[in-house]
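K.L.:
Questions regarding the structure given below will be posed in turn.
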Amino acid sequence: MEVLRTNSAKSAQWDEYVFANNESTFYHLFGWKQIIEKSFGHRTYYLTAMSGKRIAGILPIVHIKSRLFGSIFCSMPFMGIGGICADDQETAHVLLEAAGSLLKKEQGDYLELRHRKQTDFGLPVKRHKVTMTVELDPDPEVLWKGFKSKHRTAVRRAEKNNLEITLGQSQYLDLFYEIESVGWRDLGTPFYRKSFFENILGQLGQFIDIYMVFQNGQPVATAFNARFKGEVEGMWTYCLKEYSGLQTNYYLYWQMIKQACEKGFNQFHLGRTTPVSGGAFYKSKWNAVPRPLYWEYVLNKASGLPALDTANPRFAKMIDLWKKLPVSLTRQIGPFIAKNIP
């Protein structure tokens, strides 16, 4: 079996494999290679395991190198999942060996593989994140009846607040970015350039929905979702704090879940979150089940597992400071930091 570095000339063959493999995700699509290279300038290594002329496995890797955080190899950065995808254990091991060789050759600190399922390779692993998943039904009324009465009451109250939801793409990109960048500032986290989302729409727009919620013509909430192989991926969502009294979150989430049911999707992933957190608690109200994410590591120059997340006390002061900065300033300097945080 041979492992090759795949370029755009073989992108169609790569994506054919992604659509055919049961374990693949939206984040395995080849379009992400161009998106990340164009948006951030990072070097990418899209490894393909070939069995004769047939693809037997894939592994997309992004090399993020910065003075702030070191030399990181990641599959896939900025997303919760996107690691090794292979026909069998033997092929997966071949890809892992090739990735390890690449890590050593380029003198990287470590390789981070983000998986929905833990591999059998005995790698060091972190389970600090989960994805909250709602099992859908063709009839949204089935889900509605499964919610607690207090939860249904909150949705009904929201529906009386003159809220209106619309669905689009590029026509809502500016509004989405304005709202979402406020949300990330409020969380104390640097956000990406708007061009990142423009590039996602340019490469993978056929899979993307941007939801906007208005109240009396004023945009108050937004969501950026992907549709892929019977599942909806909730990628970025935020409701402006000053409109929280309208129960906007309840309105937005119910409308999205209901539409996903009516369109025949099987699952709605409400996004990556920290277990036992406010976000996880809110999403559980929709009967979303936490499913662990397994981030596995191959260490090279690094002496231990990384801790590049908001729970690290090392970043507490910086997070508090960021929350106090004007949004206009965070939009200017945030992208230079965000592109180096996988």
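K.L.:
Buried (at least 20 other Cβ atoms within 10 Å of the Cβ), modelled with pLDDT of 95 or more, in contact with an Asp or Glu (Cβ under 9 Å, 6 or more places away or on another chain) and not assigned by TED's automatic domain parsing to the domain that holds A56: which single residue out of L143, L103 fits that description? Spell out how you get there, then give the answer.
P.N.:
On the way: L103 fails: not assigned by TED's automatic domain parsing to the domain that holds A56.
Answer to the selection: L143.
K.L.:
Across segment 102-120, what is the number of residues that are touching a residue at least 60 places away in the same chain (Cβ under 8 Å) and assigned to a helix (DSSP H, G or I)?
P.N.:
Filtering segment 102-120 for residues touching a residue at least 60 places away in the same chain (Cβ under 8 Å) gives 103-104, 107-119.
Add one more test, that the residue is assigned to a helix (DSSP H, G or I), and what stays is 103-104.
Matching residues across segment 102-120 total 2.
K.L.:
Looking only at segment 19-64, which residues are without any contact (Cβ under 8 Å) to a residue 40 or more places away in the chain, farther than 20 Å from V298 by Cβ and outside any loop (DSSP other than H, G, I, E, B)?
P.N.:
Scanning segment 19-64 gives A20, K33, E37, R54.
K.L.:
What number of residues within segment 276-303 satisfy the criterion of being free of Cβ contacts under 8 Å to residues at least 60 places away in the same chain, outside any helix (DSSP H, G or I) and either surrounded by 15 or more Cβ atoms within 10 Å (Cβ to Cβ) or not aliphatic (A, V, I, L, M) (or both)?
P.N.:
2
K.L.:
I've got another one for you. From the list R227, R193, which residue is among the charged types (D, E, K, R) and touching a Gly at 6+ places or on another chain (Cβ under 9 Å)? I'd like the intermediate steps shown before the answer.
P.N.:
On the way: R227 fails: touching a Gly at 6+ places or on another chain (Cβ under 9 Å).
Step by step, each of R227, R193 is checked, and only R193 is among the charged types (D, E, K, R) and touching a Gly at 6+ places or on another chain (Cβ under 9 Å).
K.L.:
Taking segment 126-167 as the region of interest, how many residues are of a type in the set (G, A, S) and within 19 Å of N216 (Cβ to Cβ)?
P.N.:
Within segment 126-167, residues that are of a type in the set (G, A, S) and within 19 Å of N216 (Cβ to Cβ) number 1.
K.L.:
Name the residues in segment 315-332 that are touching a residue at least 24 places away in the same chain (Cβ under 8 Å) and not in a helix (DSSP H, G or I), would you?
P.N.:
L325
K.L.:
If you don't mind, there's one more thing I want to ask. Those residues that are over 23 Å from K148 (Cα atoms) and buried (at least 23 other Cβ atoms within 10 Å of the Cβ), I need them from segment 233-256; list them, please.
P.N.:
Across segment 233-256, the qualifying residue is only E233.
K.L.:
Taking into account only those residues within segment 193-223 that are touching a residue at least 60 places away in the same chain (Cβ under 8 Å) and touching a strand residue (DSSP E or B) at 6+ places or on another chain (Cβ under 9 Å), which is surrounded by the most Cβ atoms within 10 Å (Cβ to Cβ)?
P.N.:
I200
K.L.:
Pick from segment 27-60 the residues that are touching a His at 6+ places or on another chain (Cβ under 8 Å) and of a type in the set (A, V, I, L, M): which of them is nearest to G83 (Cα to Cα)? Lay out the reasoning, then the answer.
P.N.:
From segment 27-60, those touching a His at 6+ places or on another chain (Cβ under 8 Å) are 36, 42-45, 58, 60; that's our starting set.
If we keep only those that are of a type in the set (A, V, I, L, M) too, we end up with 36, 58.
On the way: I36: 16, I58: 9 Å.
Looking at residues that are touching a His at 6+ places or on another chain (Cβ under 8 Å) and of a type in the set (A, V, I, L, M), I get I58.
K.L.:
A further question follows. Taking the stated definitions as given, is G83 closer than 22 Å to G234 by Cα and touching a residue at least 60 places away in the same chain (Cβ under 8 Å)?
P.N.:
Working: closer than 22 Å to G234 by Cα: yes; touching a residue at least 60 places away in the same chain (Cβ under 8 Å): yes.
Here the answer is yes, as G83 does meet what is asked.
K.L.:
Among S66, S24, which is the only one that is touching a helix residue (DSSP H, G or I) at 6+ places or on another chain (Cβ under 6 Å) and under 25 Å from F197 (Cβ atoms)?
P.N.:
S24
K.L.:
Anything in segment 269-326 that is within 30 Å of M256 (Cβ to Cβ) and acidic (D, E)? List them, or say none.
P.N.:
Filtering segment 269-326 down to residues within 30 Å of M256 (Cβ to Cβ) leaves 269-295, 308-311, 319, 322-323.
The answer is D309, and nothing else.
K.L.:
What number of residues within segment 72-100 are closer than 30 Å to F191 by Cβ and buried (at least 19 other Cβ atoms within 10 Å of the Cβ)?
P.N.:
Step one: filter segment 72-100 for residues closer than 30 Å to F191 by Cβ, giving 72-85, 99.
Among the residues that remain, those that are also buried (at least 19 other Cβ atoms within 10 Å of the Cβ) are: 72-78, 80-85, 99.
Adding up the residues that qualify gives 14.
K.L.:
For segment 212-250, give me each residue that is over 22 Å from the mean Cα position of the chain (by Cα) and not in a strand (DSSP E or B).
P.N.:
Residues satisfying the conditions are N216, G217, K241, E242, Y243, S244, G245, L246, Q247, T248.
The values are calculated or read from the model by the stated rules, or taken from the named source; none is laboratory data. Everything quoted here is computed from the prediction, not taken from an experiment. So basically every Cβ, Gly included, is an ideal-geometry build from the backbone, and we count neighbours across all protein chains shown.
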